[in-house]
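Heads up, the thing below is written out as structure tokens.
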Amino acid sequence: LVTGAASGIGAATVARLSAEGARVAALDLTLAPGTDLALRADVRDEEAVRAAVTRAVDWGGRLDLVVTAAGVASYARAHTQTLDEWHRLLAVNLTGTFLVLREALPHLVDHRGAAVTVASLAGVRGFRYSAAYSASKGGVVALSRALAVEYAPTGVRVACVCPGSVDTPLKRGLAPVPDPDPA
């Protein structure tokens, strides 16, 4: 099961897994073309996530791997960051990752599966104009570490990747960095 599967890192992950022979359930807000099972869901929606994971397990008979690549980003100076945008970034990037993993983990335990979370270099290092994004991705890093320790005795592996800037539709769709003049 791959989230954020319709574009960017998620789509590349789906393509790679498919090329290696995996049967892939692709979850996104829009249906991912050319996938074995396309699931439409918003990772912020608890019931939609539960239904999507259940559908993926029913379709595949089991769940061996989850990749949480769904994410959003934006630039803002911290003192101008709106609370709505703060909440949106945390809801998609961190809470969405948690909801997907929460639903998937019992199935991963059953088959000693693995989870790969996609955070960001911004989650382990500070970047200007990215307080909300960095906080959300830093949360993914911490969540991944906690789950790796918690689920290691069950044989479930949890890994977090933290890529730097990647030329994806998400990156290309970002508004320009705010004027660096602090005045």
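Quick one: in the stretch 128-144, which of the residues that are farther than 22 Å from G10 by Cβ and not aliphatic (A, V, I, L, M) is modelled with the highest pLDDT? Reasoning before the result, please.
The initial filter retains those residues of the stretch 128-144 that are farther than 22 Å from G10 by Cβ, namely 128-129, 131.
Pick out the ones that are also not aliphatic (A, V, I, L, M) and you get 128-129.
Numbers: R128: 88, Y129: 91.
Among them, the one singled out is Y129.
When the criteria are applied in full, V116 meets the requirement of being in a strand (DSSP E or B) and either under 17 Å from the mean Cα position of the chain (by Cα) or farther than 22 Å from S136 by Cα (or both).
State which residue is nearest to the chain's Cα centre (by Cα) when the search covers only the stretch 141-162 and only residues that are more than 11 Å from A115 (Cβ to Cβ) and open to solvent by less than 20 Å² (accessible area, probe 1.4 Å). Reasoning before the result, please.
Here is the first cut: in the stretch 141-162, the residues more than 11 Å from A115 (Cβ to Cβ) are 141-142, 145-146, 149-150, 152-155, 161-162.
In the following step, the residues that additionally are open to solvent by less than 20 Å² (accessible area, probe 1.4 Å) were identified as 141, 155.
Numbers: V141: 11, G155: 22 Å.
Per the criteria, the residue is V141.
Here the stretch 1-37 is the region considered, the condition is being farther than 15 Å from A69 by Cα and of a type in the set (S, T, Y), and the residue that is surrounded by the fewest Cβ atoms within 10 Å (Cβ to Cβ) is S18.
Kindly indicate whether any position in the stretch 157-177 is assigned to a strand (DSSP E or B), closer than 21 Å to G96 by Cβ and modelled with pLDDT under 95. Talk me through it step by step, then tell me what you get.
Just the residues of the stretch 157-177 that are assigned to a strand (DSSP E or B), to begin with: 157-161.
Checking the rest, the ones that are also closer than 21 Å to G96 by Cβ come to 157-161.
Within this subset, residues satisfying the condition of being modelled with pLDDT under 95 are none.
Checking the stretch 157-177: not a single residue is assigned to a strand (DSSP E or B), closer than 21 Å to G96 by Cβ and modelled with pLDDT under 95.
For the stretch 123-138, the criterion of a residue being buried (at least 16 other Cβ atoms within 10 Å of the Cβ), under 21 Å from A26 (Cα atoms) and touching a strand residue (DSSP E or B) at 6+ places or on another chain (Cβ under 9 Å) is satisfied by no position. Residue pairs whose Cβ atoms lie under 6 Å apart, separated by 6 or more positions or on different chains, with the first residue in the stretch 15-41 and free of Cβ contacts under 8 Å to residues at least 60 places away in the same chain and the second in a strand (DSSP E or B) and exposed (fewer than 15 other Cβ atoms within 10 Å of the Cβ), are L31/R40.
Pairing each residue of the stretch 57-68 that is closer than 13 Å to L39 by Cβ with any residue that is surrounded by fewer than 17 Cβ atoms within 10 Å (Cβ to Cβ) and of a type in the set (G, A, S), provided the two are 6+ apart or on different chains, yields no C-beta distance under 6 Å.
The values are calculated or read from the model by the stated rules, or taken from the named source; none is laboratory data. Here the structure is a predicted model, which is why all the values come from computation and not from measurement. Because the Cβ atoms are built from the backbone with ideal geometry, glycine has one as well, and the counts that use them run over all protein chains shown. In case anyone asks, the SASA skips ligands and DNA or RNA and just uses the protein heavy atoms, side chains included. Shrake-Rupley method; radii C 1.70, N 1.55, O 1.52, S 1.80 Å.
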